[in-house]
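First up is the structure itself, then whatever we jot down about it.
The values are calculated or read from the model by the stated rules, or taken from the named source; none is laboratory data. This is a predicted model, so every value here is computed, not measured. Please note: Cβ atoms are built from the backbone with ideal geometry, for glycine as well, and neighbour counts cover all protein chains shown. SASA here: full protein model, heavy atoms, side chains in, ligands and nucleic acids out. Shrake-Rupley method; radii C 1.70, N 1.55, O 1.52, S 1.80 Å.
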Amino acid sequence: MSDAPSYEEAREELIEVVRTLEAGGTTLEESLALWERGEALAKVCQQWLDGARQRLDDAMGAETDG
């Protein structure tokens, strides 16, 4: 995930994409490009959250195993 933005960067850009789409005034092509970017950013955020959940689960499992 080294080439991917941090969770915070992805979330902030995703918020901006949503604001732009909600504001309207973009062409269909621009809207589709924004939508695709938003989908990619949402995937990045989900990967970060899944990784954090796995680390938490691993830490909790290590505590109960010890």
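Below, the figures for the structure above:
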| read-out | value |
| --- | --- |
| Residues being closer than 19 Å to Ala4 by Cβ and polar (S, T, N, Q) - total across the range 14-52 | 2 |
| Scope the range 7-23; condition open to solvent by 100 Å² or more (accessible area, probe 1.4 Å) and over 10 Å from the mean Cα position of the chain (by Cα); matching residues | Arg19, Glu22 |
| Condition met for Thr26 (part of a loop (DSSP other than H, G, I, E, B) and either surrounded by fewer than 10 Cβ atoms within 10 Å (Cβ to Cβ) or at pLDDT 95 or above (or both)) | yes |
| Flag if Arg19 is at negative phi, at pLDDT 95 or above, touching a helix residue (DSSP H, G or I) at 6+ places or on another chain (Cβ under 9 Å) and of a type outside the set (A, V, I, L, M, F, W, C) | no |
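Yes/no per residue for (1) surrounded by 14 or more Cβ atoms within 10 Å (Cβ to Cβ); (2) at pLDDT 95 or above; (3) in contact with an Asp or Glu (Cβ under 8 Å, 6 or more places away or on another chain); (4) part of a helix (DSSP H, G or I):
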residue	(1), (2), (3), (4)
Pro5	yes, no, yes, no
Glu30	no, yes, no, yes
Gln47	yes, yes, no, yes
Ala52	no, no, no, yes
Ala59	no, no, no, yes
Thr64	no, no, no, yes
